[in-house]
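J.: Pasting a structure below so you can have a look.
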Amino acid sequence: MNGNYWDTLAPHHWRLENNYLDVSSLGRIVGDIRQPVLIIGAGQGLIVEELRRQGLRCDGIDLSARMLEYARSRRGLTLVRANATSMPFVDGAYETVILATGVIDFMADLRDIEAVMREANRIVSGTGNVFVAFYRFSAAQERFLTSLGLLREDTLHMRSSLTLHRLGFGATVAWVAKMAGVSTFQAVLLCIRTGLESTKQERAAALAMRRLVAQSGDPDAFIEAAPETQPYRDKSAIARLLDSMSMRIDDWQASSSCHLVRVSQQGV
């Protein structure tokens, strides 16, 4: 993911941060979390703050300097600016490492993913846990994006998807009709059905993104800062990815907004 995008998003991130790896999803693994904890891709510190609220020692890193500035100003958190491929921690420093959504799941290059996973396994103790989060759409959103050609071959066409959020209803219907190759009436039905069958969280996120784009000051520049594409992996694609790196799946939790996979190196 382009670092410039996260810096551009930072002033508006409060609208979206409790989304994919959210506080509710975190509750699915909280029983397996032992301190000290490190959140990789901590953003503005939502998950760090929640775990500290529960009495756990928790640190966070992020590559975006602006995200860290907002973590400090919004929450009083001092997080570490670092690249997940080379973290400034000693071997075995943490009992739990959580790779948030926006890290592995947004990466396409297997070499980069392997580098991050090597680091995660280096800094977790021999008896500790590594969790990897992958963002997830509802079946309704998957069908909608696929019908428009925005989701295909495990790839989300991110920039084109963001363009939707700057269109009014009439323009959206026309664009959907063109992209899906259907009539205006069918496009209206598709939009209505998708809205009704999407999760409450997805509807809220779509409204937040629409407001974010409108209030960004320069919608075109904001959209251009986003990557053209990013991966979108379903359960089978996640399993294949982890297997390709000789990572064993020890547990799998799926919320409506993300997959949370506890992994370890095979043979360890």
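J.: Determine the per residue accessible area of the stretch 141-268 with all protein chains present and a 1.4 angstrom probe, expressed in square angstrom.
T.: 51
J.: If you take the square roots of the eigenvalues of the alpha-carbon gyration tensor of the stretch 124-264 and sort them as a ≥ b ≥ c, do you get rounded (a/c under 1.5), prolate (a/b over b/c) or oblate?
T.: Working: a/c = 2.30, a/b = 1.88, b/c = 1.22.
Cα axes put the stretch 124-264 in the prolate bin.
J.: I want to check the label-to-label distance for Asp91 and Asp220. Put each point 7 Å from Cα in the C-beta direction and report it in nm to one decimal.
T.: Between Asp91 and Asp220, the label points sit 5.4 nm apart.
J.: Rounded if a/c is under 1.5, else prolate if a/b is larger than b/c, else oblate: which is the chain, with a ≥ b ≥ c the root eigenvalues of its Cα gyration tensor? Working shown, then result.
T.: Numbers: a/c = 2.02, a/b = 1.58, b/c = 1.28.
Taking the square roots of the gyration eigenvalues as a ≥ b ≥ c, the chain is prolate.
J.: Could you let me know the centre-to-centre spacing of the stretch 168-212 and the stretch 246-268, using Cα atoms, in angstrom?
T.: Computed from Cα coordinates, the inter-centre distance equals 33 Å.
J.: Rounded, prolate or oblate: pick one for the stretch 1-94, where a ≥ b ≥ c are the square roots of the eigenvalues of its C-alpha gyration tensor, a/c under 1.5 means rounded, and failing that, prolate if a/b is larger than b/c, else oblate.
T.: On the way: a/c = 1.73, a/b = 1.22, b/c = 1.41.
The shape class here is oblate.
J.: Hey, another quick one. Using modelled backbone amide H atoms (1.01 Å from N, in-plane), which distant-in-sequence or interchain residues come within less than 5 Å of Ser257's amide H?
T.: none
J.: Could I ask something else about it? For the stretch 116-208, which GluC sites (Glu not before Pro) are in a loop by DSSP, counting at most 16 other Cβ atoms within 10 Å? All intermediate terms of the calculation are to be shown ahead of the outcome.
T.: Values: sites: Glu119, Glu142, Glu153, Glu197, Glu202; in loops: Glu153.
Sparse-neighbourhood loop GluC sites (Glu not before Pro): Glu153.
J.: Quantify, in whole percent, the carbon and sulfur part of the accessible surface of the stretch 193-268 (1.4 Å probe; protein heavy atoms only). Intermediate results must be reported in sequence, preceding the final value.
T.: On the way: 1890 of 3830 Å².
So the carbon and sulfur contribution to the accessible surface is 49 percent.
J.: Return the sequence-ordered ³J(HN,Hα) values of the stretch 106-122 in whole Hz as given by the Karplus equation 6.51 cos²θ - 1.76 cosθ + 1.60 applied to θ = phi - 60°, using x for Gly and Pro.
T.: Those phi angles translate into 8, 8, 9, 7, 4, 5, 5, 4, 4, 5, 5, 5, 4, 5, 4, 6, 6 Hz.
J.: What is the extension gain from Asp154 to Glu228, computed as 0.36 nm multiplied by their sequence separation minus the C-alpha to C-alpha distance, in nm to one decimal? Could the numbers behind the result be given before it?
T.: On the way: separation 74, 0.36 × 74 = 26.64 nm, distance 1.40 nm.
Stretched out fully, the Asp154 to Glu228 stretch lengthens by 25.2 nm.
J.: What's the carbon and sulfur percent of the stretch 3-68's accessible surface, probe 1.4 angstrom, rounded to a whole number? List each step's numbers first, then the result.
T.: Working: 1230 of 2660 Å².
Carbon-and-sulfur percentage of accessible area, whole number: 46.
J.: If ligands, DNA and RNA are left out, what is the accessible area of Tyr70 with a 1.4 Å probe, given in Å² to the nearest 10?
T.: Rounded to the nearest 10, that gives 60 Å².
J.: Over the stretch 1-123, give the accessible area per residue in Å² for a 1.4 Å probe, as an integer.
T.: Details: 5360 Å² over 123 residues.
Here the per-residue accessible area is 44 Å².
J.: I would also like to ask the following. What is the spin-label model distance, in nm, from Thr146 to Gln54 if the labels are put 7 Å beyond Cα along the C-beta direction?
T.: So the label points at Thr146 and Gln54 sit 3.3 nm apart.
J.: Which residues' amide hydrogens lie under 5 Å from the amide hydrogen of Asp251, considering only partners 5 or more residues apart or on another chain, with H built in the peptide plane?
T.: Arg262
J.: If I model a spin label at Val23 and Gln186 as a point 7 Å from the Cα along the Cα→Cβ vector, what separation in nanometres do I get?
T.: 4.4
J.: Amide H neighbours of Asp59 under 5 Å, counting only residues 5+ apart in sequence or on other chains, H built in-plane at 1.01 Å?
T.: Val37, Leu38, Ile39
The values are calculated or read from the model by the stated rules, or taken from the named source; none is laboratory data. What you see is a predicted model; the values in this text were computed from it and never measured. Glycine gets a Cβ as well: all are built from the backbone with ideal geometry, and neighbour counts include every protein chain shown. Calculation scope for accessible area: heavy atoms of the full protein, side chains included, ligands and nucleic acids excluded. Shrake-Rupley method; radii C 1.70, N 1.55, O 1.52, S 1.80 Å.
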